[in-house]
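Derivation of every value follows stated rules applied to the coordinates shown; laboratory data play no part. In this text the structure is predicted, and so the values were computed from the model without any measurement. No Cβ is skipped: glycine too gets one built from the backbone with ideal geometry, and neighbour counts run over all protein chains shown.
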Amino acid sequence: MPRVPRFSAHATIGVALVVGRASVRSLATPMVRVTTQITIARDIDDVFSYFADLRNEPAWNRGHVRHVVMTTPGPIGRGTAFVGDHPGFGTATWRITDFVRPSRIAIEGEVGSGTYRYVGELTPLQGATRFLGTVEWRPGGFLRSLSPLLTPILKFQARRSFTNLKNELER
């Protein structure tokens, strides 16, 4: 059986573990990686709490995520799971895999037949928060062959989503 790599502390290698189980097939699929940075004029604790509760995502990732519910009991933290709808891809599942309040969060999941990992690193600034986010996506199905073309699309979507997140938090 092939060795499945673990994620580094900086989460810069490919998606190999998805919601607690290994997928050898996903290792052979090209990965799309995009990093986005934005400054939000809110306290780091507010930004972290709002972002970590994925039930808020439909408000700022409009048109891409709907009907998100938390599927695990208790407070939000490492291991918390969510499920929702991603139009065009179907059911989406998420699990928080790294939770260091208020500076770091990692989320792994499946959208349709693809897998992804998201890492957010938050830094306090005077009167604001710098949010650096990295999305690593291994598309499945017919999108797998289009991986090289998907980077600019994902980059555009990530910028738009983070601008929406900023606008929601700065209201």
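Tabulated data for the structure shown
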read-out: Long-range HN-HN contacts of Thr71 with modeled amide H, under 5 Å; value: Ala81, Phe82, Val83
read-out: Dipole-positive endmost among Trp60, Gly79, Val135 within the range 32-169 (Cβ charges, Cα centre); value: Val135
read-out: Long-range amide H partners of Arg104 with built H, under 5 Å; value: Leu122
read-out: ³J(HN,Hα), Karplus 6.51/-1.76/1.60, whole Hz, each residue of the range 42-55, x for Gly, Pro; value: 8, 4, 4, 5, 5, 5, 4, 4, 5, 5, 5, 8, 5, 5
read-out: The range 85-142 - percent relative contact order, Cα under 8 Å, separation 6 or more; value: 26 percent
read-out: Amide proton proximity set for Gly114, modelled H, under 5 Å, gap of 5+; value: Gly140
